[in-house]
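Here the structure comes first, spelled out in structure tokens, and everything after it is commentary.
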Amino acid sequence: MNGGRQDITAATGLVVLLGHPVGHSRSPLMHNAAFEQTGIDLVYLAFDVHPEDLARAIGAFRALGWAGANLTIPHKETVIPLLDSLDPLAEQVGAVNTIVVREKKLIGHNTDVSGFLEGLESGWGRSARGASALVLGAGGAARAVLAALQAAEAAEMYVYNRTEERAVRLCKEAAEWGGAQCRAVTHEEASSLVSRVNLLVNATPLGLKDNIKLPPLPVDKLTEGQVVMDLVYGPTATPLVEFARRRGAIAIDGTEMLVRQAARAFELWTGAPAPVDLMRERATA
Ligand code: NAP
């Protein structure tokens, strides 16, 4: 039991998280605290939805008139054909982490992009404008990172991925967005870029609890003045964040991105400013 809300009535709306698994998620803690503090009559619940049940879950969303949703792994891309339309940024990234209801239509948004940028800027104290960045990974999170860096007018983007073809494909798509050039790099090239780029981003699960490892790159070449953003987060610093800090670099873990993407989703659902400090407190409690 988490305190037991006494103010839920027949008028209370429901916002859901659909993912598989969802047991680890901090989103219910962040959003329920935010709804409660702002006096907005919504509750947030997480549902573990197997991929083959996603269409039925979206059918339930429509039938039951839910107020909004978040999507997490593995549904961010497969949900797209089930929606009525996409916000242009979600369309660009090809992934949806937030559903907003407007005139009974389900509209897909991607708040990971603004979450990444706000998280980065809050830790770095400046924007990524003109920066060079090496991104590790070529999955959904890496796509959001590239879209964010492009929107922030970064100067150079390099992608290193275990499966090189995916990095090549991702950079080809990113090149079509315009803005910063994107180049897929080999392990050797990535290794030499580690000490040269302004920003190193880990968009792989390396560092997560079942995979507590440093990325397979010479991160001992990191120096003061460089910035590391690890999308992975946990109760303690990830190996990459810990290592980068020891080398004197600025290191930011994924918590701030998590909080900022949630705050933006809250604002889309409610139209009210999000209580970001409270949400951060609940995300890290
Ligand atoms: P995804 O689509 O499954 O992509 C995973 C990427 O990581 C792929 O490029 C994959 O390489 C690579 N990878 C996986 N295991 C690896 C390993 N053992 N060694 C090297 N590379 C490996 O996942 P995603 O949605 O992009 O998410 C990536 C991470 O970002 C997750 O840990 C997620 O929790 C985190 N994330 C955090 C936030 C936040 O708010 N902080 C938001 C979104 C995501 P291959 O192509 O070779 O398989």
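The values are calculated or read from the model by the stated rules, or taken from the named source; none is laboratory data. Bear in mind that the values here come from a model prediction, so they are computed numbers and not experimental data. Note that we place each Cβ from the backbone using ideal geometry, even for glycine, and neighbour counts take in every protein chain shown.
Before moving on, here are some points about what is shown:
- Of all residues in region 59-77, those satisfying the criterion of being crowded, with 17+ Cβ neighbours inside 10 Å, part of a loop (DSSP other than H, G, I, E, B) and more than 17 Å from the chain's Cα centre (by Cα) are Trp66, Ala67.
- Among (1) of a type in the set (Gly, Ala, Ser); (2) in contact (Cβ under 8 Å) with a residue 60 or more places away in the chain; (3) farther than 19 Å from Glu267 by Cβ, the one test that Ala57 misses: (2)
- Within region 162-183, the set of residues being without any contact (Cβ under 8 Å) to a residue 40 or more places away in the chain, closer than 24 Å to Pro218 by Cα and within 15 Å of the ligand (Cβ to nearest atom) comprises Thr163, Glu164, Glu165, Arg166, Ala167, Val168, Leu170, Cys171, Cys182.
- Per-region count, region 141-163, residues small (Gly, Ala, Ser), more than 12 Å from the chain's Cα centre (by Cα) and more than 13 Å from Trp177 (Cβ to Cβ): 1
- Condition met for Asp112 (within 11 Å of the ligand (Cβ to nearest atom) and crowded, with 16+ Cβ neighbours inside 10 Å): yes
- Test: residue in region 221-243 that is closer than 19 Å to Val145 by Cα, assigned to a loop (DSSP other than H, G, I, E, B) and either over 17 Å from the mean Cα position of the chain (by Cα) or away from the ligand (no atom under 14 Å from the Cβ) (or both): yes
- Qualifying residues in region 173-209 (those that are modelled with pLDDT of 95 or more and assigned to a helix (DSSP H, G or I)) - the one surrounded by the fewest Cβ atoms within 10 Å (Cβ to Cβ): Glu188
- Pairs where the first residue, in region 192-209, is farther than 14 Å from Ala128 by Cβ and the second is of a type outside the set (A, V, I, L, M) and at pLDDT below 90, C-beta under 6 Å, 6+ apart: Asn202/Pro215; Pro205/Asn211; Leu206/Lys213; Leu206/Pro215
- When the strands (runs of 3 or more DSSP E) confined to region 78-144 are screened for residues that are of a type in the set (Ser, Thr, Tyr), modelled with pLDDT of 95 or more and within 23 Å of Val276 (Cα to Cα), those reaching at least 1 such residues are found at 98-102.
- The set of residues from region 211-220 being assigned to a loop (DSSP other than H, G, I, E, B) and of a type in the set (Val, Ile, Thr) comprises just one member, Ile212.
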